[in-house]
Amino acid sequence: MNNNMKATLASIIMSTLFFIASYFILYLLFDYFNPPITEDGHKYMPIGNVFYSGITAFTATILFFIIIRKYIKRKL
């Protein structure tokens, strides 16, 4: 396996872990700042928070992949 493939594989693994962690953390943040409770106290499914955290985590993961790939490629 050449260095280019090693850099890509390492970047994909790290980006996947970053996506999972950031999705969870962002969901908790969105849920904290926009709690899924109506004005009269009823709870509901926070599908908006799930959607927003997914989109934000996906965008951050793409940027993370590009940055970490350049960094790893330079180190190898």
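Every number here is computed from the coordinates shown, using simple stated rules; none is lab data. Keep in mind that this is a model prediction, so the values were computed, not measured.
Computed values, structure above
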| quantity | calculated |
| --- | --- |
| ³J(HN,Hα), Karplus 6.51/-1.76/1.60, whole Hz, each residue of region 3-11, x for Gly, Pro | 5, 5, 5, 4, 5, 5, 5, 5, 5 |
| Value of relative contact order over the chain, rounded to a whole percent, pairs C-alpha under 8 Å and six or more apart | 48 |
| From the coordinates shown, Cα extents along the principal axes in Å corresponds to which of (i) 35, 21, 18; (ii) 60, 16, 13; (iii) 48, 43, 23 | (ii) |
